[in-house]
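Here's the structure, in structure tokens; my notes come after.
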Amino acid sequence: MEHLINNVDWNSIRTLLAVAETKSFRKTAERTGQAINTVRRIISRLEDQLGFTLLNREADGVHLTPEGRRMVGAARDVELSMQDMLKTAVATRQTSEGSIRLAITEGLGTFWLTPRIADYLEHAPAKQRIELQCAMRSVDVMRLEADISIQLVKPDRPELIVKRLGYLHLVPFASSDYIKRFGKPTLFKDLAHHRVVEQETDQLDGYGLDKIFGTEIANRMVRLKTNFSSAHYWAIAKGAGIGIMPNYATAIGGDVEHVDFDLKYRTGIWLATHPDLVRSVRHRQFIDFLTDSFDPIRFPWFGEEMMTPEAIEQAFSREDLSAYFEGFTARK
């Protein structure tokens, strides 16, 4: 059943409802603006997905089978429920009160955005609520798994409202204790003689060390692998090995140092919104807040050109950085 729900789209159901009402593929095509062969293909695909016949094709038109009648009856109930839901949505669009569901990658959500949301709530309406989902995968905004998504992979659904907020730059770090014990690699090939902490998620697909050094050496290098940004940060800060983190990692508060052997990654930070939600006052206001939170002029580490950790330390005072990142750990 879950497989069917994930693969049957509502547009196909709407086409079925139109055919049931007109009793004609031709009239349905005229009503919906589709080619008649497209209508036929949609119904045939829907029948294949459901595993039973919906329509009998006869000389005087098409008629619902018993299974088709049950399907259409259930679909009409859903349509009425959706109409009620949309009426409710229209009534609440012009208010700033209500819930906003935001899905964001765990690292950006935990270390960067949560302190800003705490400030945002100080000035938000009393009945506005933020539901923050720190997701390790890209959520499906079109299926309303979240109202707004901030992710590191550009959404490919053309229906979505998509904008790039900025860039995330990733470079190697290690703890001061690790560097004292094992030294700093100065060339990429030197990494083969070090311990590595690797993060692997749907949006950050590991380091690919096996392709560079071979499987045997890569397995020896990677002493700890995690899918969670906060665990990844703690492991590096506690001396488990060298790992790739955002260029502002030293500002978070852990005792970590940039290990510069000319390795860096850059990925876009993307915001995706369901097209219906941009009509909502509270969602528009919150999107403005999110856009400002990644403004590369105010926060240049999110700019197109990479700002090195050393440049961040020089450009911003310790008070500035502690205010931005709220010091998650005690600095030595």
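Computed from the coordinates by the stated procedures, all read-outs in this text should not be read as laboratory data. As the structure is a computational prediction, the values presented were derived from the model and not from experiment. Note: ideal-geometry Cβ built from the backbone for every residue, glycine included; neighbour counts use all protein chains shown.
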Worksheet item: What FRET efficiency comes out for the pair residue 41/residue 10, r = Cβ-Cβ distance, R0 = 22 Å, nearest 0.05?
Response: 0.85
Worksheet item: Sorted by average packing, counted as other Cβ atoms within 10 angstrom per residue and highest first, what order do 156-163, 169-176 take?
Response: 169-176, 156-163
Worksheet, complete the sentence: For Cα extents along the principal axes in Å, with candidates (1) 59, 39, 37; (2) 85, 53, 29; (3) 82, 53, 34, the value calculated from the shown model is option (2)
Worksheet item: Just in the stretch 234-332: which GluC sites (Glu not before Pro) are loop by DSSP and have at most 13 other Cβ atoms within 10 Å?
Response: 304, 305
Worksheet item: Which listed residue (173, 72, 252) has the Cα farthest towards the positive end of the charge dipole for the chain, taking +1 on Lys and Arg C-beta and -1 on Asp and Glu C-beta about the Cα centre?
Response: 72
Discussion item. Only four residue types carry charge here, +1 at the Cβ of Lys and Arg and -1 at the Cβ of Asp and Glu. Report the dipole size of the chain about the Cα centre in Debye, rounded to the nearest 20.
Written reply: 560 debye
Item to complete: Any chance you could run the full-extension gain for residue 267 through residue 50? It's 0.36 nm times the residue separation minus the Cα-Cα distance, nm to one decimal.
Response: 74.1 nm
Worksheet, complete the sentence: Honestly the stretch 111-166 on the Cα gyration tensor test (a ≥ b ≥ c root eigenvalues; a/c under 1.5 rounded, otherwise a/b vs b/c for prolate or oblate) is just prolate
Worksheet item: In nm, to one decimal, how far is the residue 227 label point from the residue 187 one, both placed 7 Å along Cα→Cβ?
Response: 3.7 nm
Worksheet item: For the stretch 168-267, what does the alpha-carbon gyration tensor say about shape, rounded, prolate or oblate, given a ≥ b ≥ c as the root eigenvalues, a/c under 1.5 as rounded, and a/b over b/c as prolate?
Response: rounded
Worksheet, complete the sentence: Mean-square fluctuation maximum in Gaussian network of the chain, Cα pairs under 10 Å, restricted to 306, 221, 71, hits 71
Practice prompt. Hey, can you grab everything whose amide H is under 5 Å from the amide H of residue 55? Only 5+ residues off in sequence or another chain; H modelled, so Pro and N-termini drop out.
Written response: 65
